[in-house]
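The values are calculated or read from the model by the stated rules, or taken from the named source; none is laboratory data. These figures come from a predicted structure and were not determined experimentally. Cβ sites come from the backbone with ideal geometry, for glycine too, and all protein chains shown count toward neighbours. To get the accessible areas, we keep the full protein, side chains included, count just its heavy atoms, and leave off ligands, DNA and RNA. Shrake-Rupley method; radii C 1.70, N 1.55, O 1.52, S 1.80 Å.
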Amino acid sequence: MNAGRTARDRARAELTQEIKDAARRQLATEGAERLSLRAVSRELGMVSSALYRYFPSRDELLTALIIDAYNALGAKAETAAKNAATPREAWLAVCQAVRTWAIKHPQEYALIYGSPVAGYQAPESTIEPAGRVAIALLRILSEAQASGVLVPPDGTPEPSTLVAEQLGVLAEYAPEVPLKVLGRGMIALTQLYGMVSFELFGQLVGTMDPADEFFADATGQLATFIGIG
C-alpha cells in the first residue's frame, strides 16, 4: 500500500513538473498574459479536464510558476551569500547572483518583476518566497553590523516617521541594524532590481551594454552607500 502511494505521488509530482515546464515554454513564446491551460494540455497530449485536476485555473498555475521563480532566485542568493568570506563580498555575490539568474531566466524574471498580469491577484502563498532575496541581504547587514564593518556614511539622515514605520517590517529580520541603514538598504535593493530590469529589457543598449563592469561598479557603490565596509 505504501509503495503504491509512493509511486502515485511520484507520478503526480513528475506530471506536475511537466505541466509547469510546458507553461514556462509558453511564457517564453506567448508571455504571461496569454498563458493558457488548454494550450499547455495540447502540448502535453492531455485532455484539459485532466490538467484541471492538477491546476484548476490559469491563476493557480501562474501562482505555482511565480513561487518556483521566487524560490529558485532566493536559493541562488542564499548560496551566494553563504559562500562569501566577508559581508561586502556577500553583498556583491548576491547582487551578481540575482543578475545571473535573471539573464538565464528572463521570462521567469519578467513574471515576478515585470508588468503585472492583468486580472491576476497574487495570493499570500507568494509572500514568503518573494522575500528570500531581501532577507538574504538583511542577514548580510546583520553580519556586517555584528562584525563592526557596517558604518553608515556621515550625514545619513534618520528616516521620517512614516518611513520608519514602513521599515519596521525589515527590522524584524535585522533588529540590531539602525533604521537609517535599513532605509539605505531598501534604496539599494530597488536600485539592484532596477539595474537588472534595465539590462534585461534592453534599456542599456547603446550606453552601458555590455553591462558587466557597470554592474560590478554600481553594486560596489551601493555597498558603500549602505555602509558595508
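Would you mind putting 145-151, 185-191 in packing order, based on average other-beta-carbon counts within 10 Å, highest first?
185-191, 145-151
What part of the accessible area of region 1-123, given as a whole %, is carbon or sulfur when the probe is 1.4 angstrom?
52 percent
Considering the options LEU51, LEU192, ALA174, tell which one lies farthest towards the positive end of the dipole of the chain, charges being +1 on Lys and Arg and -1 on Asp and Glu at the Cβ, about the Cα centre.
Final value for the positive-end residue is LEU51.
Once the Cβ-Cβ distance between THR224 and ILE127 is put in as r, and R0 is 22 Å, what FRET efficiency do you end up with, to the nearest 0.05?
With a Förster radius of 22 Å, E is 0.10.
Just reorder GLU14, GLU172, GLU78, GLU30 by solvent-accessible area, largest first, 1.4 Å probe, all chains present.
Final ranking, largest accessible area leading: GLU172, GLU14, GLU30, GLU78.
GLU176 versus LEU15, label points 7 Å from Cα toward the beta carbon: distance in nm?
So the label points at GLU176 and LEU15 sit 5.1 nm apart.
Over region 138-229, what percent of the accessible surface lies on carbon and sulfur atoms, probe 1.4 Å?
Numbers: 3010 of 5120 Å².
C and S fraction of accessible area: 59 percent.
Taking the solvent-accessible surface of protein heavy atoms with a 1.4 Å probe, what is the per residue accessible area of the chain in Å²?
Details: 12530 Å² over 229 residues.
I get 55 Å² per residue for the chain.
Taking LYS20 as the anchor, which lysines have their alpha carbon closer than 18 Å to its alpha carbon, excluding any fewer than eight residues away along the same chain?
LYS104
Residue by residue through region 7-14, what is 3J(HN,Hα) from phi via Karplus (6.51 cos²θ - 1.76 cosθ + 1.60, θ = phi - 60°)? Round to whole Hz and write x for glycine and proline.
Listing the rounded values in order: 5, 5, 4, 5, 5, 5, 4, 5 Hz.
Which of the lysines could a cross-linker bridge to LYS180, judged by Cα under 30 Å and excluding same-chain residues fewer than eight apart?
LYS76, LYS82
Local charge sum around GLU199 (other residues, Cβ-Cβ under 15 Å, Lys/Arg +1, Asp/Glu -1)? Show your work: numbers first, answer last.
Numbers: positive: ARG99, LYS104; negative: ASP209, ASP212, GLU213, ASP217.
Residues close to GLU199 contribute a combined charge of -2.
For the chain, give the magnitude of the charge dipole about the Cα centre (Cβ charges: +1 Lys/Arg, -1 Asp/Glu; no others), in debye to the nearest 20.
880 debye
I'd like the Kirkwood hydrodynamic radius of region 7-120, using the inverse of the mean 1/r over distinct C-alpha pairs, in Å.
15.5 Å
Under 14 Å from the Cβ of VAL47, count the other residues' Cβ atoms, weight Lys and Arg +1, Asp and Glu -1, and hand me the total.
Computed value for this residue: +2.
What FRET efficiency, computed as 1/(1 + (r/R0)^6) with R0 = 35 Å and r the Cβ-Cβ distance, is obtained for ASP59 and LYS104, rounded to the nearest 0.05?
0.85
Suppose R0 equals 41 Å. What FRET efficiency, 1/(1 + (r/R0)^6) with r the Cβ-Cβ distance, do VAL205 and SER36 give to the nearest 0.05?
Computed FRET efficiency for VAL205 and SER36: 0.85.
To the nearest Å, what is the center-to-center distance of region 175-197 and region 1-59, using C-alpha atoms only?
That distance is 37 Å.
Return the tail of the calculated pair distribution for region 85-126, meaning the percent of Cα-Cα pairs more than 11 Å apart.
Tail of P(r) above 11 Å: 72 percent of Cα pairs.
Might you report the magnitude of the Cβ-based charge dipole of region 173-221 about its Cα centre, with Lys and Arg at +1 and Asp and Glu at -1, to the nearest 20 debye?
Roughly 320 debye, rounded to the nearest 20.
Quick one: net charge of GLY114's neighbours, Cβ under 15 Å, K/R +1, D/E -1? Please report the intermediate quantities before stating the final value.
Values: positive: ARG24, ARG34; negative: GLU30, GLU33, GLU108, GLU199.
It works out to a net charge of -2.
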